[in-house]
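The values are calculated or read from the model by the stated rules, or taken from the named source; none is laboratory data. Remember, it's a predicted structure, so these values are computed and weren't measured experimentally. Here Cβ is always computed from backbone atoms with ideal geometry, including for glycine, and neighbour counts include all displayed protein chains.
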Amino acid sequence: MGIKFGTDGWRAVISEDFTFDNVKKAAQAIADYINNDGRAIKVRDDKAVVGYDTRFLSGKYAELVSCVLASNGIKTILADRPTPTPSVSFTIKDRGLIGGVMITASHNPAAYNGIKFKAYYGGSAGPDITARFESYLGKNPARYLPLGELKSKGAIEIENIVPPHIAFIKRYADIKLLKRARLKVLVDSMYGTGGDYIAQILKGGRCKIDTIHNENNPGFGGINPEPIMPNLKELADKVRKYKYDIGIATDGDADRLGIALPNGKLLTGHKVMTLLFLHLLEDRKMRGGVVQTLCGTFLIDKICKKYGLKTYETQVGFKYICDLMLKEDILIGGEETGGVAFKNSIPERDGILSGLLILEMMAARKKKIMAILKSIDKEYGTYEYRRLDVKYPDDKKQKLMELLKTDPPEDILGKKVIGVRTADGYKFICEDSSWLMMRLSGTEPILRIYSEASSEKRALAILKFGKDLAYKI
């Protein structure tokens, strides 16, 4: 398997494809892109920044990438510690850098690592940029000088890049309001780069913030650092048992958010985005368009219709959301996995800021999270979203996509299919607004099946319908 930049960078298994040689090769391609294409972009400072997560050897890989970039004449800022991905993006935008690299495999299992490239605007590189990376792969041997030599020449600076990002978060969120609130919060950093930043930000206020899994553990305690069940079972159980008002989780590189409720259940990413959207819209009185991926929820569309806001739909992958946020007046952009970006911030997901804004909503409305959710259901109706990831044989993938194209289902469990969207996989929309979507993952060897309906029972039944359809081949 070669180096391939998917929906959010290149990810591979450590020591199989994610090797020192391949990391150098990818870094050289990025350096060639910057020197041949990126230099045409006017920026305030033509340096690059490199950050890394808590995975095995991530710091060493970041050092390798920094050395390759600096050996190619690109002055580089190397993070001095594991760093949230949004901190890298903020550094690029705040300082006007030419771009940056984050060493992370995000929510993938511990055996994986990866490379994300963040462009000069502080967001995910679009397909045009990643295609250029791939065109440079292997064209030039990796130039590499030792770290000590490059530091002595001033080509590499080692720095803690997190504090300016945290300072921005403190300006964006209403910290005075949050510190006055008497909230009992449990934070799960999932052994990732979220650390104890939320507790630090709210230190000295009336909120009681406890943090679990904030220590460095490259094996992630045997779980995947993805903020979904069963990975958040301990968080959910403790929130219920010890009567916390809410549980907050950030994923491996702290760009995504998970929420555990007082009843021990988790919110879907759709509901997380809905809460954040309504907070900006109703409590902060902010306005702008809303962008979701193809597997977004009709609940957001319903709210936008009420307020007369423009909606946008993209392929799966935050780079497509980022692109729209750069071109249009967007209030909020998000995906079903809990990654959300906001107006007047970076065009990038930020799990730490997202978590604080959920707490801010509770403080602003002086309501418990369950009461807020019930009021949303009462006004807009119930929308239950579910997702199933299944390993799927390579030899059947294209056959399935061809079948969905040439012989799509006319109805799903007795409800007529009235619309089909094909921008990324296949989404079948039924007459009762329930839907089924099937697409191949861009980062993992699996088939993703999504559904939404007015009840959990029907949403799960639609998932089974999709799985049965896939395995008929």
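Below, the figures for the structure above:
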{"read-out": "Criterion: more than 14 Å from MET273 (Cβ to Cβ) and surrounded by 24 or more Cβ atoms within 10 Å (Cβ to Cβ) - qualifying residue of GLU328, GLU348", "value": "GLU348"}
{"read-out": "Members of the range 196-217 found to be small (Gly, Ala, Ser) and in contact (Cβ under 8 Å) with a residue 24 or more places away in the chain, listed by number", "value": "GLY204, GLY205"}
{"read-out": "All positions within the range 119-130 that are under 17 Å from GLY6 (Cβ atoms) and touching a residue at least 40 places away in the same chain (Cβ under 8 Å)", "value": "GLY123, SER124, ALA125, GLY126, PRO127, ILE129, THR130"}
{"read-out": "Residues that are within 21 Å of GLY38 (Cβ to Cβ), part of a helix (DSSP H, G or I) and hydroxyl-bearing (Ser, Thr, Tyr), drawn from the range 121-161", "value": "THR130, SER135, TYR136"}
{"read-out": "Members of the range 98-145 that are closer than 18 Å to ALA12 by Cα, in contact with a strand residue (DSSP E or B) (Cβ under 8 Å, 6 or more places away or on another chain) and not small (Gly, Ala, Ser)", "value": "VAL101, MET102, ILE103, THR104, ASN108, TYR112, ASN113, ILE115, LYS116, PHE117, THR130, PHE133"}
{"read-out": "Whichever residue in the range 277-296 is at pLDDT below 95 and not hydrophobic (A, V, I, L, M, F, W, C) and, among such residues, is surrounded by the most Cβ atoms within 10 Å (Cβ to Cβ)", "value": "GLY296"}
{"read-out": "Residues of the range 226-238 satisfying the condition of being without any contact (Cβ under 8 Å) to a residue 12 or more places away in the chain and part of a helix (DSSP H, G or I)", "value": "LYS233"}
{"read-out": "Filtered residues of the range 1-34 (kept if among the β-branched types (Val, Ile, Thr), within 20 Å of ARG143 (Cα to Cα) and modelled with pLDDT of 95 or more)", "value": "THR19, VAL23, ILE30, ILE34"}
{"read-out": "Search result, residues across the range 87-127 that are surrounded by 24 or more Cβ atoms within 10 Å (Cβ to Cβ), among the hydroxyl-bearing types (Ser, Thr, Tyr) and touching a Phe, Trp or Tyr at 6+ places or on another chain (Cβ under 8 Å)", "value": "THR104, SER124"}
{"read-out": "Filtered residues of the range 11-48 (kept if more than 19 Å from ILE156 (Cα to Cα), of a type in the set (Asp, Glu) and outside any helix (DSSP H, G or I))", "value": "GLU16, ASP17, ASP37"}
{"read-out": "Hits in the range 178-225 (condition: aliphatic (A, V, I, L, M) and part of a loop (DSSP other than H, G, I, E, B))", "value": "ALA181, LEU183, MET190, LEU202, ILE223"}
{"read-out": "Hits in the range 117-163 (condition: closer than 24 Å to ILE41 by Cβ and among the aromatic types (Phe, Trp, Tyr))", "value": "PHE117, TYR120, TYR121, PHE133, TYR136"}
{"read-out": "Only listed residue being of a type outside the set (Lys, Arg), in a loop (DSSP other than H, G, I, E, B) and in the same structural domain as PRO141 (by TED's automatic domain parsing), chosen from GLY51, GLY59, GLY73", "value": "GLY73"}
{"read-out": "Any hit, the range 240-249, residues being under 17 Å from the mean Cα position of the chain (by Cα), within 24 Å of ASP283 (Cα to Cα), surrounded by 17 or more Cβ atoms within 10 Å (Cβ to Cβ) and touching a residue at least 60 places away in the same chain (Cβ under 8 Å)", "value": "yes"}
{"read-out": "All positions within the range 202-231 that are of a type in the set (A, V, I, L, M) and surrounded by fewer than 22 Cβ atoms within 10 Å (Cβ to Cβ)", "value": "ILE209, ILE212, ILE223, ILE228, MET229"}
{"read-out": "Residues within the range 434-458 that are in a helix (DSSP H, G or I), touching a residue at least 12 places away in the same chain (Cβ under 8 Å) and either crowded, with 23+ Cβ neighbours inside 10 Å or out of contact with any strand residue (DSSP E or B) (no Cβ under 6 Å at 6 or more places or on another chain) (or both), tallied", "value": "1"}
{"read-out": "Matching residues, the range 41-65, being within 18 Å of GLY123 (Cα to Cα) and out of contact with any Asp or Glu (no Cβ under 6 Å at 6 or more places or on another chain)", "value": "ILE41, LYS42, VAL43, ARG44, ASP45, ASP46, LYS47, ALA48, VAL49, VAL50, GLY51, TYR52"}
{"read-out": "Count - residues of the range 159-188 that are within 27 Å of ASN263 (Cβ to Cβ) and touching a Ser or Thr at 6+ places or on another chain (Cβ under 6 Å)", "value": "1"}
{"read-out": "Residues satisfying the stated conditions in the range 377-409, i.e. touching a residue at least 60 places away in the same chain (Cβ under 8 Å), surrounded by 13 or more Cβ atoms within 10 Å (Cβ to Cβ) and basic (Lys, Arg)", "value": "ARG386, ARG387, LYS396"}
{"read-out": "Cβ pairs under 6 Å, 6+ apart, first in the range 178-189 and in contact (Cβ under 8 Å) with a residue 60 or more places away in the chain, second surrounded by fewer than 23 Cβ atoms within 10 Å (Cβ to Cβ) and among the hydroxyl-bearing types (Ser, Thr, Tyr)", "value": "LYS184/TYR244; LEU186/TYR244; VAL187/THR211"}
{"read-out": "Pairs, first without any contact (Cβ under 8 Å) to a residue 40 or more places away in the chain in the range 291-304, second in a helix (DSSP H, G or I), C-beta under 9 Å, six or more apart", "value": "ILE300/HIS270; ILE300/MET273; ILE300/THR274; ILE300/PHE277; CYS304/PHE277"}
{"read-out": "Number of the condition not met by GLY466 [criteria: (1) touching a residue at least 40 places away in the same chain (Cβ under 8 Å); (2) more than 30 Å from ALA173 (Cα to Cα); (3) touching a helix residue (DSSP H, G or I) at 6+ places or on another chain (Cβ under 9 Å)]", "value": "(3)"}
